[in-house]
1. I'd like the full set of residues that are open to solvent by 30 Å² or more (accessible area, probe 1.4 Å), assigned to a strand (DSSP E or B) and of a type outside the set (D, E, K, R), limited to the range 16-47.
2. Can you tell me which residues in the range 48-72 are not in a loop (DSSP other than H, G, I, E, B) and not charged (D, E, K, R)?
3. Restricting attention to the range 76-97, and to residues there that are part of a loop (DSSP other than H, G, I, E, B) and open to solvent by 20 Å² or more (accessible area, probe 1.4 Å), which single residue is nearest to Ile10 (Cα to Cα)?
4. Note down all Cβ pairs under 6 Å where the first residue falls in the range 41-67 and is aliphatic (A, V, I, L, M), the second is at pLDDT below 90 and open to solvent by 10 Å² or more (accessible area, probe 1.4 Å), and they're at least six residues apart or on different chains.
5. Would you check if Asp48 is closer than 23 Å to Pro7 by Cβ and touching a Gly at 6+ places or on another chain (Cβ under 7 Å)?
6. Of Leu50, Leu73, Leu60, Leu13, which residue is at pLDDT 90 or above, surrounded by fewer than 21 Cβ atoms within 10 Å (Cβ to Cβ) and under 21 Å from His113 (Cα atoms)?
7. Across the range 98-112, what is the number of residues that are open to solvent by less than 40 Å² (accessible area, probe 1.4 Å) and closer than 19 Å to Arg58 by Cβ?
8. Name the single residue that is farthest from Glu11 (Cα to Cα) among those in the range 98-119 being in contact with a Leu (Cβ under 7 Å, 6 or more places away or on another chain) and in contact (Cβ under 8 Å) with a residue 12 or more places away in the chain.
Amino acid sequence: MIVADNPETIEGLRAYFNGVGVASQGRRDLRDPSAVTATTTAVVIFPDELVEAAVVRRILALRSTRPELPIVLVTGAPQRFQAALAADDRSLPPIVLPRPAFGWTILDTIRAHAHAERS
């Protein structure tokens, strides 16, 4: 799942993922908690244009309900999201990539995380 306010960001990353055989869906906000289903394998969030408090709340909720779910934040201001990044013993901390990040970097990050989990 890709979450960004900018439709071009969503469509560009979806096009890259589709081109390499990775199914994806895009959302422009985090309000609908049912959007992340049991089959969602990772969430990529571009939080810089989204409401900070909403991003933090949603990440904390995801970490609580889906502790194994990789969450990738692509941001130029990771310090804004420190409350969501804080370590806990029950869930994976979100992975932070500096903005801009290319599709292959994002996908490689998700795959490396999945490989580490299987090892």
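The values are calculated or read from the model by the stated rules, or taken from the named source; none is laboratory data. Since the structure is predicted, the reported quantities are computational estimates derived from the model, not experimental observations. Ideal geometry is used to build each Cβ from the backbone, glycine not excepted, and the neighbour counts take in all protein chains shown. Heavy atoms of the whole protein, side chains included, go into the accessibility calculation; ligands, DNA and RNA do not. Shrake-Rupley method; radii C 1.70, N 1.55, O 1.52, S 1.80 Å.
1. Across the range 16-47, the qualifying residue is only Gly26.
2. Filtering the range 48-72 down to residues not in a loop (DSSP other than H, G, I, E, B) leaves 48-49, 52-65, 71-72.
Listed by number, the residues that qualify are Ala53, Ala54, Val55, Val56, Ile59, Leu60, Ala61, Leu62, Ser64, Thr65, Ile71, Val72.
3. Going residue by residue through the range 76-97, those that are part of a loop (DSSP other than H, G, I, E, B) are 76-77, 86-94.
Pick out the ones that are also open to solvent by 20 Å² or more (accessible area, probe 1.4 Å) and you get 76, 86-90, 92-93.
Numbers: Gly76: 17, Ala86: 27, Ala87: 28, Asp88: 30, Asp89: 31, Arg90: 30, Leu92: 24, Pro93: 23 Å.
Ranking the qualifying residues of the range 76-97, first place goes to Gly76.
4. Every condition considered, the pairs that remain are Ala54/Leu30; Val56/Ala83.
5. Working: closer than 23 Å to Pro7 by Cβ: yes; touching a Gly at 6+ places or on another chain (Cβ under 7 Å): yes.
Yes, satisfied.
6. Leu60
7. Pass one, the range 98-112, residues open to solvent by less than 40 Å² (accessible area, probe 1.4 Å): 101, 103, 106-107, 109-110.
Filter once more, keeping what is closer than 19 Å to Arg58 by Cβ: 106, 110.
Of the residues in that region, 2 qualify.
8. Going through the range 98-119, the residues in contact with a Leu (Cβ under 7 Å, 6 or more places away or on another chain) turn out to be 103, 105-106, 109.
From what's left, in contact (Cβ under 8 Å) with a residue 12 or more places away in the chain: 103, 106, 109.
Details: Gly103: 11, Ile106: 14, Thr109: 19 Å.
So the residue we want is Thr109.
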